[in-house]
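We did not get these values from a lab; they are worked out from the coordinates using the rules stated. From a predicted model like this one, the values you see are computed outputs, not experimental measurements. Because the Cβ atoms are built from the backbone with ideal geometry, glycine has one as well, and the counts that use them run over all protein chains shown.
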Amino acid sequence: MKSIYSLTTCLSFFVCLISWSQSQLPEFGQITNEEINLKECDFDKEAEAIIIFDDAFTDHDDDYNMITTRRIRIKILNEKGLERGNINIPFYSGNNFEFIKDIRGFTFNIDASGNHTYRDLDRKSIYIEKRNSYYSLVKFAMPAVKTGSIIEYSFVSVMKSYGGLEDWKFQSDIPTMKSCYMLQVVPTAEFTYSVQKMENYYILIKPIADLGRIYFEMNSIPALRFEPYMDAARDYLQRVIFQLSGLTNRYGHKMDINTTWKSTAYDLMTGKDFGGQIDKSIKADELQPMVQTQSSAAGKLKVIYNYVRDNISWNGYDSKYAVDGVKTSWEKKRGTAGEINLLLINLLKSNDVEVYPLLVAERDFGKIDSTYPFLERFNKVVAFAKADGQQFILDATQKNTPAGLTPYSLLNTMAFLVDKKNFNLLRIGSGNKTYKNRILINADLNPKGQLQGNAMVQSFDYARQLRVESIRENLKEFVSEIFEKPYDNISIDSFYINNLDAESMVLEQGIRFSQQLNESGGFVFINYNLFTGMEKNPFTSSIRFTNVNFGYPHEVLLDAQIKLPANSKTDDLPRDQVLENNSKTIRLSREIKVENGQINIKLSYSRNTTLVFAENYKELKDFYKKMMDLLNEPVVVKIGN
């Protein structure tokens, strides 16, 4: 998916192919007939709006400030696209590194008489919203936006240096007809760049050697929409990724920017905000008596982890460092993810547990590039520990994740174990843990076509952890989302939970329910696929750019007994079946029998694979279609008189 190239101001070995992106585009405010007549996107039929073009040119001034001029034109195709008229431009406001200027824009419409109208953006509607210490947003709403509108806006970004050079993203969450970017390379810097794209999408790359520029262009790019079980969107965006690889100082000496993983580990472990925090002396008087009751390393680990997790509050900020220090976090009982987890590492190490810092990039943050040790690809530090033959990945900001269960957000990611000697890149998996639910149903069908009964759902490992999190966040919403909303005409009469706080035990959820069944011609239709979490097919989109990252293996077992009214008859029972995908990594079996006036139903679903690549999506989609057809096949009952 990626190709890697070197980019410097010395591009003389390329053929000089002059191509100015601006010459290929209409002037600002000049709307073409093709754009006016555009009613839908022919390469992405689901689109509510389409980017007609997204064009930018990055240059520099005499002080080598990086100046990017950008222009975007969008067509609103239907009502769902109206929100595209609300514009947000993020910029790095920390230390006044970047500012946005020269904003202008307009909305083009055709009135009822067929007249063309333009409404200019009112500069008074532009304002800045500060998001945090580092980033802010320029925000404004385009005027008079409606279905059929064409909106266009442009702005200039000024950064203090080329250190702020970001990836150029050809793709968005709406389709793009043309995306083009021209980069003027600063004479004192060298860059490498890699192209991330699907093989069947063409990219135009034109170096312009005599001007020290390079031009990139892609066309007809479908949207990258949110899909179930997807990683961070940025991992799949069609884009060019730039990395600063070298600088030349004022004396002409070249300085190499790229470092090795070894030197990166050394720098981190000798840094005062990282490795320097691990050996700090902390007076943990309230913790030591609990640790001393444990004779094993694993026992000590769990006591220390549970104490930090339960007593040190996370302030909501991810971090790789302990800027305010682990002592401050211990004293205030509060800190960033970096401060809390470096504190955890400190306490584990001081109690003779083998432990290392582990830099991670959570799934929704994005993948790391193992080729380059760029720290900005990681969003936090966690603890990697070994105790009594077991390995533990611990993040004390995850209040509902017990020791021994790797945080869900880290599954199927790469991480960097930081140690001067034992540094390493690790792939994080779920180990022998799975997402497992066992459902037991005992119900009666009464002569009025109503199903009444009890259900017990037992949740293990990741199913337990994720459900505990939802229950503690909002119990009422949890019951509604899991047991009511997915089903027609069902009501929950009572609900109880066992073992909510007992992390080593199975989470039990018990309900008393009733359901009025659908009826036609004297027959009722029993939906036995109850409370499994598999009521809807997550894979229905025709286009998918992203891998399917399940994270963990998945298992569902359902055992249901439904007692029928006297003199009832079942009409053509669904036959017993076993479905398997081609690789035999996903399996569903169904058994349905009627004995002594009772329907006995067994469903068993297992998925061992945790990652399906985008190129294999069609096979997965087709299999899930067959599986959902099987699960939605009802038992038809003629109720006796």
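Observations
- Virtual spin-label span in nm between GLU473 and PHE374, 7 Å along Cα→Cβ: 3.1
- Between GLN288 and ASN95, the FRET efficiency estimated from the beta carbon spacing at R0 = 45 angstrom works out to 0.60.
- Amide proton proximity set for THR434, modelled H, under 5 Å, gap of 5+: TYR462
- Gain on full stretching of the segment that runs from ASP102 to ASP62 - 0.36 nm per residue minus C-alpha separation: 12.4 nm
- Computed from backbone phi, the HN-Hα couplings of region 41-47 come to 8, 6, 9, 7, 5, 7, 5 Hz, rounded to whole numbers (Karplus: 6.51 cos²θ - 1.76 cosθ + 1.60, θ = phi - 60°; Gly and Pro given as x).
- For the peptides 216-227, 627-638, 287-298, 61-72, the ranking by mean Cβ contacts within 10 Å, running from highest to lowest, is 216-227, 627-638, 61-72, 287-298.
- Protection proxy ranking, peptides 537-547, 119-129, average beta carbon neighbours within 10 Å, highest first: 537-547, 119-129
- Rounded to 0.05, the FRET efficiency of the ASP444 and SER504 pair, given R0 = 30 Å and the Cβ-Cβ distance, is 0.25.
- Projecting label points 7 angstrom from Cα along Cα→Cβ for LYS399 and ILE110 puts them 5.6 nm apart.
- Our estimate of slack between PHE613 and GLU519, defined as 0.36 nm per intervening residue step minus the Cα-Cα distance, is 29.6 nm.
- 222 nm mean residue ellipticity, helices alone, for the chain (DSSP H n ≥ 4; -39,500 (n - 2.57); rounded to 500): -4000 deg cm²/dmol
- Values of log10 I(q)/I(0), in the order q = 0.08, 0.10, 0.15 Å⁻¹, for region 261-428 under a Debye, Cα-only, solvent-free model: -0.20, -0.32, -0.75
- Protection proxy ranking for 300-307, 597-604, using the average of other Cβ atoms within 10 Å per residue and placing the highest first: 300-307, 597-604.
- Placing R0 at 41 angstrom, the Cβ-Cβ distance between GLN452 and ASP318 gives a FRET efficiency of 0.30 after rounding to 0.05.
- Amide N proximity, region 499-536 versus GLU484 label position 7 Å along Cα-to-Cβ, cut-off under 14 Å: 512-515
- Pair GLU331, TYR496: separation of 7 Å Cα→Cβ label points (nm): 4.9
- Across LYS302/LYS380; LYS139/LYS206; LYS130/LYS280; LYS485/LYS584; LYS367/LYS420; LYS320/LYS349, pairs whose alpha-carbon gap is larger than 27 Å: LYS139/LYS206; LYS130/LYS280; LYS485/LYS584
- Residue order, fewest to most beta carbons within 10 Å, for ARG104, ARG73: ARG104, ARG73
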